[in-house]
Amino acid sequence: MLRGEIVCQAQAKNKKEMRTQIKPKAVIFDMDNTLFDFVEAKMRSCKAVIDYIGKGDDKELLSYFLRWRHGFESHENIADYMRDIGVYSEQTFKECCRIYDDVKLSTIKPYPHVRETLARLREMGLRLAVVTDALNGHAVSRLRKAGLIDFFDVVISADMTGKRKPEPDSIKLALRKLNARPEEAVLVGDSINRDIKAGKRLGMVTVYAAYGDRNFFEDKIGEADFTINDIREVLGILSG
C-alpha cells in the first residue's frame, strides 16, 4: 500500500481515500534522463560530429536539435547546421550521421543505482514499463545498451500510438498491457510538463525524478506527488 505521505499531497479527498486503499501493481518509467543521462550522450555525439568536420561548435549544433523544427532526434538538424556553416555534402552528411548515432549510443549508461532499484521493484512483485517519446528502435537499442531491457515487461514508444507526452495515449497503452488501472500505477519521469502532467491527467501517483531533469527551456508548471533526487527513493515510496 502506498505510504501515508501520498495522502497528504493528493489534492482531492476522494483521491486521498482511493490511494490509501489500492496497492500499486505497476510502475511506469520515462526513459531518457530518468534511467540514463541522454542529454550528455547527445552532447558528446555533437562534439564528435564537430571534431570530424573540423568546423563549428558542438553547443551550437546541439541547439539545432533543441529547436524542435525536425524533432529532437532527426538527422535533418545536422544537415541544417552543416548547410548553415557551409560544409554540407551528401557523403560528409552520411558520415556525420553515422558518427552521431554511434557515439550517442556508446555513451549511454544507467544512472547510479538504477539496476538495483529496478531489480528490487521486480522482487516486490511490481510490473514495470517504459513509456518514451523516442521511436521504438531507438528505445530498444538504448535500453539494451544500458543493460536494462530485461527488467521491463512493456516498452511503449511514441510511434506505437502516434502521440507524444503529455498526451496520455502511450501511458494508457502501457497500462492496458500491464493490466493495471491508472490508480494502481506509479509514473516516474524527469519532465514536469510531459511526464508528470500526463500522469496526473490519468489520476496516477506521480514521482518527479529531479536528479535527471535536463529540460533547460521548460516552464515547470504543476507539481508531482513526490520528488526524488536518487532513484532509490522510489523504493521508500512504494514500501510500507
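From the residues H113, M124, A48, which one has its Cα farthest along the dipole of the chain in the positive direction, the dipole being from +1 and -1 charges on Cβ of Lys/Arg and Asp/Glu about the Cα centre?
Checked the options; the winner is M124.
Counting other Cβ atoms within 10 Å, which trypsin sites (Lys or Arg not before Pro) in segment 112-164 have at most 12 and lie in a DSSP loop?
Counting only loop positions with at most 12 other Cβ atoms within 10 Å, none of the trypsin sites (Lys or Arg not before Pro) in segment 112-164 qualifies.
What's the longest uninterrupted piece of the chain once you rule out the GluC sites (Glu not before Pro) that are loop residues per DSSP with at most 14 other Cβ within 10 Å?
Here the longest segment lacking exposed loop sites spans 1-217.
Let me spell out the model: positive unit charges on the Cβ of Lys and Arg, negative unit charges on the Cβ of Asp and Glu, origin at the Cα centre of the chain. What dipole size does that give, in debye rounded to 20?
Charge dipole of the chain: 840 debye, to the nearest 20.
Nearest 5 is fine: what % of DSSP beta bridges in the chain come out antiparallel, could you say?
5 percent
By the scheme Lys and Arg +1, Asp and Glu -1, what is the net charge of all other residues having a beta-carbon under 13 Å from that of A198?
+2
Taking 0.36 nm per residue of separation and subtracting the Cα-Cα distance, what length does fully extending R181 through I149 add?
Fully extending the segment from R181 to I149 adds 9.2 nm.
Relative contact order for segment 38-107: what percent, with Cα pairs under 8 Å and sequence separation of 6 or more?
This gives 42 percent for segment 38-107.
No value in this document is a laboratory result; all are computed from the given coordinates. As the structure is a computational prediction, the values presented were derived from the model and not from experiment. Note: ideal-geometry Cβ built from the backbone for every residue, glycine included; neighbour counts use all protein chains shown.
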